[in-house]
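The values are calculated or read from the model by the stated rules, or taken from the named source; none is laboratory data. Given the structure is predicted, the values throughout are model-derived calculations rather than measurements. Cβ sites come from the backbone with ideal geometry, for glycine too, and all protein chains shown count toward neighbours. The area values use the complete protein model at the heavy-atom level, side chains included, leaving out ligands, DNA and RNA. Shrake-Rupley method; radii C 1.70, N 1.55, O 1.52, S 1.80 Å.
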Amino acid sequence: MVERKNLLIFILTVGVFGILNTEMGFIGILPLLADQFHVSISQAGLLISLHFHQSIYV
């Protein structure tokens with residue numbers, strides 16, 4: 001039973017790490033995306049937020 005609990009905790013940890021990594025990865029390149037598409041950083045951030053919001057509910 002302890003081994004199963006440890007496996008579930010490991011799976012949860014990997015899942016949370018993956019989700020946070022994909023979301024926070026865009027924050028580092030946000031200024032580059034804004035420059036590339038000739039928009040402000042706040043507009044690029046809003047677009048990324050909308051993308052993640054949409055991907056959660058699909």
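Annotation: per residue accessible area for the chain equals 91 Å², rounded to a whole number [probe 1.4 Å, protein chains only].
Based on the Cβ-Cβ distance from Leu8 to Phe52, what FRET efficiency comes out when R0 is 22 Å, to the nearest 0.05?
0.30
Quick one: pull the percent of accessible area on the chain belonging to carbon and sulfur, 1.4 Å probe, ligands and nucleic acids left out. Walk me through the numbers on the way to the answer.
Working: 3820 of 5270 Å².
That fraction is 72 percent.
Please build a GNM for the chain, connecting alpha carbons under 10 Å apart, and tell me which residue among Gly15, Gly45, Gly25 fluctuates the most. Top of the fluctuation ranking is Gly15. To the nearest ten degrees, helix 2-28 and the longest principal axis of the Cα atoms of the chain are 10 degrees apart.
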